[in-house]
1. Which whole-Hz couplings ³J(HN,Hα) result when phi for each residue of segment 284-300 is put into the Karplus expression 6.51 cos²θ - 1.76 cosθ + 1.60, θ = phi - 60°, listed in order with x for Gly and Pro?
2. With viscosity set to 1.567 mPa s and temperature to 4 °C, compute the Stokes-Einstein D of the chain, Rh being the Kirkwood radius across alpha carbon pairs; µm²/s, no decimals.
3. Taking the Cβ of Val51 as the centre, find all other residues whose Cβ is under 14 Å away and add up their charges (Lys, Arg: +1; Asp, Glu: -1).
4. Could you pull the Cα extents of segment 186-242 along its three principal axes, largest to smallest, in whole Å?
5. Taking the Cβ of Ile152 as the centre, find all other residues whose Cβ is under 14 Å away and add up their charges (Lys, Arg: +1; Asp, Glu: -1).
6. Count the DSSP beta bridges whose two residues both fall in segment 1-119, then state the antiparallel fraction as a percent rounded to the nearest 5.
7. I want the local charge near Ser304. Using Cβ-Cβ distances under 13 Å, sum +1 for each Lys or Arg and -1 for each Asp or Glu among the other residues.
8. Projecting each Cα onto the charge dipole of the chain (Lys/Arg +1, Asp/Glu -1 at the beta carbon, about the Cα centre), which of Asn183, Ser260, Gly392 comes out farthest on the positive side?
Amino acid sequence: MYDYHLLEDRDILCIDQKSFFASVSCIEKGLNPLTTKLAVVADTKRQGSVVLAATPLLKAMGIHTGSRLFEIPQHNDIYIINPSMRRYLEVSLQISQIALRYVPPEDLHQYSIDEFFMDVTKSYYRFNTTLQSFCERLIKEIYDETHVHCAIGIGSNMLLSKLALDHEAKKSARYIAEWRYQNVPEKVWEITPLSTFWGIGKKTERKLNARGIFKIGQLAQYPCEYLKRDFGMLGVDWHLHAHGIDQSRMNEKYTIVNPSICKSQILLRDYTFGEALVVMYELVEDVAQRLRAKKQIARTIHFSFGYKEEGQVMKQYTLQEGTNLEQDIFREIKRWATMLCDQSALYRTLSVSLTQLRPEGERNLNLFEDEFQRLRQERLAKTIDMLQEKYGKGIVSRAISLTEAGTKYGRLGLMAGHKM
């Protein structure tokens with residue numbers, strides 16, 4: 001057991017807007033989120049569309065984030081609507097501005113569109129006598145101004161506040177829960193299954209289960225040196241987190257050591273390998289265009305093809321010379337995917353990312369490549385970039401984007417991948 005007296009004990013809040021997308025959509029329609037069955041779906045015209053959010057009553061019927069449109073019962077009292085990302089961002093910004101009345105910007109960390117952290121160690125007592133009453137005030141103020149219900153986890157650090165939120169506050173009558181270092185044995189160690197703990201996924205859970213670890217308490221007691229041996233520094237992090245220890249500070253400046261440009265896509269139906277390659281080319285076009293806009297080239301390509309069933313193929317490959325042309329990037333992806341992927345399988349997710357970025361002027365000449373032809377390709381690509389920047393991404397496209405497998409035109413006009 002660690003001596004928690006040696007650790008900094010701060011007052012960190014983790015604030016979550018309950019069923020945010022669904023709540024905002026209900027409010028826009030004049031409906032009560034707590035008494036309405038409503039689902040926000042990526043695209044109401046596609047039966048395979050993913051459910052982005054559901055109100056509590058619909059969740060009680062088994063419809064959750066990640067469910068599919070065809071799984072929602074066809075009842076007259078169930079509302080099924082498209083997302084309105086612009087409105088969600090407006091409400092999220094409004095809530096963040098309410099929080100900034102109580103803390104400076106460096107003490108607020110926006111974790112996602114519907115969740116953020118606040119460090120109120122030096123500020124809450126200016127507004128209320130107790131931390132609990134301050135949280136009640138914040139919840140009321142957010143509801144009065146936006147009609148969005150919030151839950152708040154309080155902790156000695158960011159991790160404990162997040163765990164308090166996820167495992168207690170969201171289920172409590174007051175929507176407030178407080179977990180401190182002294183609560184670790186009775187609360188943190190009782191968490192099971194492991195995949196409900198922040199930072200541990202299903203795949204990691206299975207690996208830990210194979211070692212006889214099923215509860216966070218067992219993870220805390222498992223020798224740290226074995227976790228480090230088997231999982232590297234991630235294992236050390238899990239050991240510390242199992243003891244409720246997180247020494248990160250939200251006001252610390254984060255420096256990106258290895259920047260990347262990435263793009264991913266969840267497919268709305270089952271795609272064959274050939275169709276998945278069409279979408280992958282569209283994703284590559286997108287990242288290559290962003291790369292050229294930054295006047296950079298990339299050396300390392302990382303891509304993944306996710307199967308309909310469990311599992312995915314991932315590969316990272318480093319080019320001898322950097323490039324900013326989609327033809328070069330896709331050629332390598334197709335070569336490796338053809339060797340590694342099950343071409344008889346169906347696919348549901350794709351992703352590509354480019355790293356090891358550097359200025360395009362640092363590209364070395366290749367004696368085995370027609371440099372004149374390459375310059376022509378680069379000029380053509382930049383001309384298309386200019387046209388798309390001026391007239392929109394739909395002005396020039398490859399013929400494959402017009403096929404049934406193409407998704408480019410379906411993504412035009414979307415914000416954060418969803419309808420505005």
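A short reminder: the numbers here are calculations on the coordinates, not readings from a lab. Since we're looking at a predicted model, the values are computed, not measured. Here the Cβ positions follow ideal geometry from the backbone for every residue, glycine too, while neighbour counts run over all protein chains shown.
1. Ordered by residue, 3J(HN,Hα) equals 5, 4, 5, 5, 5, 5, 5, 5, 5, 4, 8, 6, 10, 10, 10, 9, 10 Hz.
2. 53 µm²/s
3. With Lys, Arg at +1 and Asp, Glu at -1, the neighbours total +2.
4. Taking the Cα atoms of segment 186-242, the three principal extents are 27, 22, 19 Å.
5. Net local charge, Ile152 excluded: -3.
6. 75 percent
7. The answer is +3.
8. Result: Gly392, furthest along the dipole toward the positive end.
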